[in-house]
Structures are given as C-alpha cells and as structure tokens.
Amino acid sequence: MQIENALSDQLARYLDLASGEVKLTAENMANIDTPGYRAKGMDFEAEMRSAMDGVQQGRAPGPIHVKPEDGLIARPDGNNVSMDRESLNLAEAQLKFKTGVALLRLQYQTVMDAIHADK
C-alpha cells in the first residue's frame with residue numbers, strides 16, 4: 001500500500017526548502033563578524049515553483065540556488081550581514097517550516113483515520 005502521493009511529495013519539498021532557508025540564514029548569522037562576508041539568500045517562491053514542477057514531472061529534487069543578496073548596506077569591513085534582517089528571515093523560515101509540518105501531519109492523519117475507520 002502506498003501512503004505517499006503528490007501532495008505529500010510537494011510538502012516534503014516545501015519542508016526541504018524551508019530548512020534550507022533556515023540553514024542559509026544561520027550561515028549568514030554565523031558570519032556576521034567575518035570581514036568581507038556577503039549575505040546569501042534564495043528566492044523561496046521561485047525554488048518552490050521549480051520543486052512543484054519537479055514533482056509533476058517525476059524529477060528528483062535539485063540543489064537550492066543560492067545567490068548573493070544585493071542592495072544591503074556594507075560596513076567598512078565589507079560585511080553586509082544585518083542581524084535584524086537575518087532574525088526576520090529566520091522567523092519567517094521557521095513559520096514556513098511549522099506550517100509545512102502541520103500540513104503534512106494533517107495529510108497523514110487523514111490516512112490514519114481511513115485505516116482506523118472500521119473500529
């Protein structure tokens with residue numbers, strides 16, 4: 001019996017992207033005092049669209065496309081990481097991850113309800 005379906009695959013990729021965003025933000029925060037370090041980011045929406053196309057076409061997940069963040073103010077040492085910005089990004093990524101977990105839990109609860117319907 002197969003429990004997984006396209007929706008659970010999509011949710012799994014959503015969680016992968018959200019955790020990737022958390023890791024990227026943590027990397028930026030860890031390098032806040034590194035001279036010359038440039039903040040990195042990702043376009044979550046574009047990555048999600050690509051992941052959904054991959055699910056529909058049966059492709060394996062690809063790597064997350066990381067890009068340097070442009071338009072940030074650099075300090076005299078060349079570092080452009082802002083703790084305020086990164087804290088906001090981290091909170092947003094954590095919210096995305098919690099939402100994905102809740103949706104996946106609902107998906108599997110539906111399956112469990114169907115299994116236990118005869119009791």
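Among the candidates L7, L104, which residue alone is in contact (Cβ under 8 Å) with a residue 24 or more places away in the chain and touching a Ser or Thr at 6+ places or on another chain (Cβ under 8 Å)?
L104
On the given criteria, is R85 modelled with pLDDT of 95 or more and either in a helix (DSSP H, G or I) or farther than 30 Å from N5 by Cα (or both)?
yes
Which of the following residues is at pLDDT below 95 and in contact with a Lys or Arg (Cβ under 7 Å, 6 or more places away or on another chain): V55, V111?
Only one candidate qualifies: V55.
Under the condition of being in a loop (DSSP other than H, G, I, E, B), more than 18 Å from D84 (Cβ to Cβ) and charged (D, E, K, R), which residue from region 29-64 is nearest to the chain's Cα centre (by Cα)?
Restricting to residues being in a loop (DSSP other than H, G, I, E, B), more than 18 Å from D84 (Cβ to Cβ) and charged (D, E, K, R), the top hit is D43.
Say whether the condition of being closer than 28 Å to Y108 by Cβ and surrounded by 17 or more Cβ atoms within 10 Å (Cβ to Cβ) is met by at least one residue in region 34-41.
For region 34-41, residues closer than 28 Å to Y108 by Cβ and surrounded by 17 or more Cβ atoms within 10 Å (Cβ to Cβ): absent.
List the number of the failed condition for T110; all other conditions in (1) part of a helix (DSSP H, G or I); (2) within 20 Å of L17 (Cβ to Cβ); (3) not charged (D, E, K, R) hold.
Only one criterion in (1) part of a helix (DSSP H, G or I); (2) within 20 Å of L17 (Cβ to Cβ); (3) not charged (D, E, K, R) is unmet by T110, namely (2).
Among the residues of region 93-107, which ones are farther than 22 Å from L24 by Cβ and exposed (fewer than 14 other Cβ atoms within 10 Å of the Cβ)?
A102, R105, L106
What number of residues within region 42-92 satisfy the criterion of being surrounded by 10 or more Cβ atoms within 10 Å (Cβ to Cβ), farther than 15 Å from A12 by Cα and of a type in the set (A, V, I, L, M, F, W, C)?
10
The values are calculated or read from the model by the stated rules, or taken from the named source; none is laboratory data. This one's a predicted model, so the numbers in the text were calculated from it and none came from an experiment. Cβ: placed from backbone, ideal geometry, glycine included. Neighbour counts: every protein chain shown.
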